[in-house]
Amino acid sequence: MQYMLIFNETTAETGRRDDPAAAPAYWGAWNAYVGAMWDSGIVVSGNGLQSPRTATHVRVEGGKRQVQDGPFADTHEHLGGYFIVETASLDDALEWAARAPCASAGSVEVRPVLPPPTNAPA
């Protein structure tokens, strides 16, 4: 079964990315975690995402497109990245989610991936 691991990081955690004192530990933890997932053979695909300050939000209201740069002010966690993994069970996916560096400061959402529609082109 395939699951998406959705990594949500706090603003403080994403700030560690560019902090010269904190960045080595931050990236070291993520590199070790991602390396372990790849080595286990469960990774189907995935990516980290750039800082929330680089985000652009698009909404259509009344038929008009509205664009807002950066994260919403009331957001306490930011989407930091994701992986699609293939594991034998939800319990296995949850074990991998619990190992993520952001699991103790932010959260990891685990969702089953929908199979493609039966009439989808090959």
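The values are calculated or read from the model by the stated rules, or taken from the named source; none is laboratory data. Please read all numbers here as calculations on a predicted model, not as lab measurements. Positions of Cβ are backbone-derived with ideal geometry, glycine not excepted, and every protein chain shown enters the neighbour counts. These area figures cover heavy atoms from the full protein model, side chains too; ligands, DNA and RNA do not enter into them. Shrake-Rupley method; radii C 1.70, N 1.55, O 1.52, S 1.80 Å.
Choose one answer from Thr14, Thr87, Thr56: the residue with the largest mean-square fluctuation in a GNM of the chain with alpha-carbon springs under 10 Å.
Thr56
What does the charge count near Ala105 come to, summing +1 for each Lys or Arg and -1 for each Asp or Glu among other residues with Cβ under 10 Å from its Cβ?
Residues close to Ala105 contribute a combined charge of -2.
To the nearest 20 Debye, how big is the dipole of the range 2-73 about its Cα centre, given +1 on the beta carbon of each Lys and Arg and -1 on that of each Asp and Glu?
Here the size comes out at about 300 debye.
Rounded, prolate or oblate: which fits the chain, taking a ≥ b ≥ c as square roots of the Cα gyration tensor eigenvalues, rounded meaning a/c under 1.5, else prolate when a/b beats b/c?
Since a/c reaches 1.5 but b/c is at least a/b, the shape of the chain is classed as oblate.
Order His76, His57 by their accessible area, 1.4 angstrom probe, all chains in place, largest first.
His76, His57
What do you reckon, how do Arg53, Arg16, Arg111 stack up by accessible area (1.4 Å probe), largest on top?
Arg53, Arg111, Arg16
Could you check how much of the accessible area of the chain is carbon and sulfur, as a whole percent, using a 1.4 Å probe?
About 55 percent, which is the carbon plus sulfur part of the accessible surface.
If you roll a 1.4 Å probe over the heavy atoms of the protein chains, what accessible area per residue do you get for the chain, in Å²?
Dividing the accessible area of the chain by its residue count gives 65 Å².
Can you tell which of Val67, Thr54, Gly28 lies farthest toward the positive end of the dipole of the chain, using +1 and -1 charges on the Cβ of basic and acidic side chains (Lys, Arg; Asp, Glu)?
Farthest towards the positive end: Val67.
In debye to the nearest 20, how big a dipole does the chain give about its Cα centre with +1 on each Lys and Arg Cβ and -1 on each Asp and Glu Cβ?
420 debye
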